[in-house]
Protein chains: 2
Amino acid sequence: MKSSEICPRFEAAISLLGQRWTGLIIHQLMDEPKRFGQLTEEIGISGRLLSERLKNLENDGLVERTVYPETPVRIEYSLTEKGASLQPVMKEIERWSQNWIEPAKTAESPS
Amino acid sequence: MKSSEICPRFEAAISLLGQRWTGLIIHQLMDEPKRFGQLTEEIGISGRLLSERLKNLENDGLVERTVYPETPVRIEYSLTEKGASLQPVMKEIERWSQNWIEPAKTAESPS
DNA sequence: CCCAACTACTTACTATTTGTAACCTATTTT
DNA sequence: AAAATAGGTTACAAATAGTAAGTAGTTGGG
């Protein structure tokens, strides 16, 4: 019952990243801003959840929604400075996955 | 619908860490092996879910369950090499949270 | 020996979150 | 005008998480 012992900031960070899709969305926005449809296709998430997640990420200040009033209107989602600063985290997860996740199998250990 | 474009290893890693409690459990086991009751208290997770998560983590080869046949029996959970190799990831999340999460508020930016 | 307490879970049930599919509005192409 | 595309929202079923109580194997006391 005591959720002490753990740094509340770390807990907050984990409750952000430890939510389904969130990490993937941030990862996909790392290189360049993307549009709603592009994200659903690349990630394989439903519109309902993508919409929900993007709203949360906006509220947390990680993602920014920009409307370009061209014709037709174009809407892009990009990372804020706070969001972009997760790059080292993403890089480390990538590195770990390269070393410890077998591509096809569900195996345990690298060469 | 196409979940291509994303490295399947990265996806696998994210689906591990992007699950509620998993990151916190790994983090708590980083320093030293712990017992079931200790984890529930520190993390604030229910027995049901802790049990489930630990089983999954065992299956994924991240956590090891050791039974010490003392009297009374003592059961400890520890990280395997694969689990321990997530330390850089945890460290980066910690670093990020120190820089970008305000302790009391839900604020946006560091000093 | 019997009863309470402790650890490590499991089971039953409820609440919340996800996933699926259909729908909506505005614009644009055929 | 009809169909298509972008960017969503809504309604509902299915899966997952949370809560509380129960179980099994000790241990310690009366």
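The values are calculated or read from the model by the stated rules, or taken from the named source; none is laboratory data. As the structure is a computational prediction, the values presented were derived from the model and not from experiment. So basically every Cβ, Gly included, is an ideal-geometry build from the backbone, and we count neighbours across all protein chains shown.
Before moving on, here are some points about what is shown:
- Some residue of segment B:78-88 being surrounded by 20 or more Cβ atoms within 10 Å (Cβ to Cβ), among the small types (Gly, Ala, Ser) and away from DNA strand D (no atom under 12 Å from the Cβ): yes
- Candidate set: segment B:61-79, residues that are within 13 Å of chain A (Cβ to nearest Cβ) and either hydrophobic (A, V, I, L, M, F, W, C) or under 12 Å from the mean Cα position of the chain (by Cα) (or both); chosen: the one nearest to DNA strand C (Cβ to nearest atom): B:Val63
- Qualifying position, being touching a Pro at 6+ places or on another chain (Cβ under 6 Å) and among the polar types (S, T, N, Q), among A:Ser51, A:Ser78, A:Ser15, A:Ser46: A:Ser78
- Test result for B:Ser111, more than 15 Å from DNA strand C (Cβ to nearest atom), more than 9 Å from chain A (Cβ to nearest Cβ) and at pLDDT below 95: yes
- Filter result for A:Ile93 (within 16 Å of DNA strand C (Cβ to nearest atom), in contact (Cβ under 8 Å) with a residue 12 or more places away in the chain and facing chain B (nearest Cβ under 10 Å)): no
One line per residue, one yes/no per condition, for (1) of a type in the set (Asp, Glu); (2) modelled with pLDDT under 95:
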| residue | (1), (2) |
| --- | --- |
| B:Ser4 | no, yes |
| B:Gly23 | no, no |
| B:Gln28 | no, no |
| B:Gln38 | no, no |
| B:Leu49 | no, no |
| B:Glu52 | yes, no |
| B:Asn56 | no, no |
| B:Thr71 | no, yes |
| B:Glu76 | yes, no |
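- If you filter segment B:52-77 down to residues that are surrounded by fewer than 15 Cβ atoms within 10 Å (Cβ to Cβ) and away from DNA strand D (no atom under 16 Å from the Cβ), you find that the one that is farthest from B:His27 (Cα to Cα) is B:Thr66.
- Any hit, segment A:41-51, residues being closer than 27 Å to A:Glu92 by Cβ and near DNA strand D (Cβ under 8 Å from one of its atoms): yes
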